[in-house]
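The values are calculated or read from the model by the stated rules, or taken from the named source; none is laboratory data. As the structure is a computational prediction, the values presented were derived from the model and not from experiment. Backbone-built Cβ (ideal geometry, glycine too); neighbour counts: all protein chains shown. These area figures cover heavy atoms from the full protein model, side chains too; ligands, DNA and RNA do not enter into them. Shrake-Rupley method; radii C 1.70, N 1.55, O 1.52, S 1.80 Å.
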Amino acid sequence: MSAETPIRAVIAPVTPLQQNCTIVWCAKTLKAAVIDPGGEVPRLLKAVADQGLTLEKIWITHGHMDHAGGAAELKRLTGVPIEGPHKDDQFWIDRIQQSGEMYGVPEARAFVTDRWLDDGDVVTLGETEFEVLHCPGHTPGHVVFFHRQARFAQVGDVLFQGSIGRTDFPRGNHQDLLDAITGKLWPLGDDVRFVPGHGPMSSFGAERRSNPFVGDRAIAAMQTAGADYAAPVNRSPG
């Protein structure tokens, strides 16, 4: 993001799964949100303090442990509200502690959101606004946060550089995920830069050109081959 954009952001990978937690803030007010605090809450609070920020919100893209396991503790320590995900991810939130024990994050806890989010909602941060897009497929209640002026999106595990989210989890749906990416994310513009749930940033344009799962050539090949289309193996981390 350029110096003129109304928001700033830093990425802080957390948990053994190296999930991209993002601290984003309003450049004018220095009010911040932590997006997807999967764990390592003391380190996240130190990062907020080091930037001279005031934490205002906790935003959750979806209910998987590596994205939301630290939300309850972060809220306990700061008192700030949790917003997101969509209500259809309640069953994943209920499983957070069990998942944390399985993946080596024993401090992970379920949380109670202060606001479920739906497609078309707006969340505020300082003097800025982010649009909410409901993008099911990886999980049924997954949401994306989009700042239109900054051309910036936090997409969680919907889309990665060179891949897409896994859909082999309970209530995952491959076609729903493809429809969300092509129908909701691509129309936002090729110039939009995004933070994925894991791995490096990319842009929607770069993924449309080269993503083997959901790029323009891949979608055209699916449509041509129909039931005979052989999708590549998805080895994404989320």
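Quick notes on this one:
- Taking the stretch 118-140 as the range and being touching a helix residue (DSSP H, G or I) at 6+ places or on another chain (Cβ under 7 Å) and over 16 Å from Trp92 (Cα atoms) as the test, only Leu133 passes.
- Flag for Ala220 being modelled with pLDDT under 95 and open to solvent by less than 60 Å² (accessible area, probe 1.4 Å): yes
- Restricting the first member to the stretch 29-43 and to residues that are within 18 Å of His198 (Cβ to Cβ), and the second to residues that are basic (Lys, Arg) and at pLDDT 95 or above, the beta-carbon pairs closer than 8 Å and six or more apart or on different chains are Val34/Lys57.
- Helices (runs of 4 or more DSSP H) (entirely within the stretch 164-238) containing at least 2 residues that are without any contact (Cβ under 8 Å) to a residue 12 or more places away in the chain: 216-225
- When Asp119 is tested against (1) in a loop (DSSP other than H, G, I, E, B); (2) charged (D, E, K, R); (3) more than 27 Å from Arg8 (Cβ to Cβ), exactly one condition is not met: (3).
- Complete set of residues in the stretch 67-102 that are closer than 22 Å to Gln154 by Cβ and either β-branched (Val, Ile, Thr) or part of a loop (DSSP other than H, G, I, E, B) (or both): Gly69, Gly70, Thr78, Val80, Pro81, Ile82, Gly84, Pro85, His86, Ile93, Ile96
- Of all the listed residues (Asp176, Asp157), the sole one being under 17 Å from the mean Cα position of the chain (by Cα), open to solvent by 20 Å² or more (accessible area, probe 1.4 Å) and acidic (Asp, Glu) is Asp176.
- Extreme residue, farthest from Phe169 (Cα to Cα), among residues of the stretch 85-117 that are in contact with a helix residue (DSSP H, G or I) (Cβ under 9 Å, 6 or more places away or on another chain) and surrounded by fewer than 14 Cβ atoms within 10 Å (Cβ to Cβ): Asp114
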